[in-house]
1. Among the numbered criteria (1) in contact with a strand residue (DSSP E or B) (Cβ under 9 Å, 6 or more places away or on another chain); (2) in a helix (DSSP H, G or I); (3) within 30 Å of residue 228 (Cβ to Cβ), which one does residue 89 miss?
2. Restricting the first residue to segment 1-24 and requiring it to be within 16 Å of residue 76 (Cβ to Cβ) and not assigned by TED's automatic domain parsing to the domain that holds residue 53, which pairs with a second residue that is modelled with pLDDT of 95 or more and in a strand (DSSP E or B) meet a Cβ separation below 6 Å and a spacing of at least six or different chains?
3. Need a quick list: helices (runs of 4 or more DSSP H) entirely within segment 235-291 having at least 2 residues that are farther than 16 Å from residue 219 by Cα and in contact with a helix residue (DSSP H, G or I) (Cβ under 8 Å, 6 or more places away or on another chain).
4. So, in segment 4-55, exactly how many residues are surrounded by 15 or more Cβ atoms within 10 Å (Cβ to Cβ), out of contact with any strand residue (DSSP E or B) (no Cβ under 9 Å at 6 or more places or on another chain) and within 27 Å of residue 192 (Cα to Cα)?
């Protein structure tokens, strides 16, 4: 057990870690009562050292940690990296690089979609992690020995998981498959909390373009308010209320206050006035300039999308790759509508694996059938004019 509570000690450890080719990283944080995550503990491990850093220790300077995260000679290994990287971005406005996310790597290696760290530790390291401190309050001090041991275990087992997955990827020639995924995780835009894009999480709730226009303005207002006050979005206005306001689009304080779920009295407050102003901005939007609603995007090509889903499953099972790693349902819908859709499935290794077959399926040059309870693809070549078909040895469970 090694708990670092001094900035000088942290600097010494980070200087030592910088000599290694990789370092495993994890964080423990809280955000139940805040908008921005509050980092409490940072865990780091190299080949022969592991520490837990008390990020809340008095006068703790995390600059050495950020320097290590920026060191391009050291691979930063995370599991499900996004939230941890968001913390680094919020505190230092930088993104750790280069990155290796073991959850993404596990998807490429056939461990399924978004496998949990504990499951991966069980599968690769043959250990069952102690979860007793999983939901502990990491902001309370002093930290117990059990908490520190729990935190450090998250980065010590991660070393073995990283080495095992990297070896599998190198042997299979798939290490480069992670490039696109790591590029997305390394892009600072991934972590910017932009109020003008807050609507994207809720677009499926809009029934018609006018609802979407108002929702876009309301979510932008709520996001800005939550960030400014550093409180959860629900403390500003709960989702259900937000959707009700967007649908009703009241244009007066009286009409706003008459909404069943709207907090009593709020319509006469500063927030109420700002909500009404947001509604007016939404109603003034040019509806023709709005993004297409979910139901509008899905209105055509339903049968094609369903066939593409079957093909995706067949390819994923044959290749031992999580289907989500190859294409999402949204991407399949775009692909069904447009042969030149700007989707990952039509680029690089995904095109070789799936995209090219998807286009063949769309245009009748590839068929799906079932043999012995397994989906099989049948591809027609020049010989189709003579009525011949050439079955391919590509199958998956039906």
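The values are calculated or read from the model by the stated rules, or taken from the named source; none is laboratory data. From a predicted model like this one, the values you see are computed outputs, not experimental measurements. Because the Cβ atoms are built from the backbone with ideal geometry, glycine has one as well, and the counts that use them run over all protein chains shown.
1. (1)
2. Taking only residues 6 or more apart or on different chains, not a single pair turns up.
3. Output list reads 253-258.
4. Looking only at that region, the number is 3.
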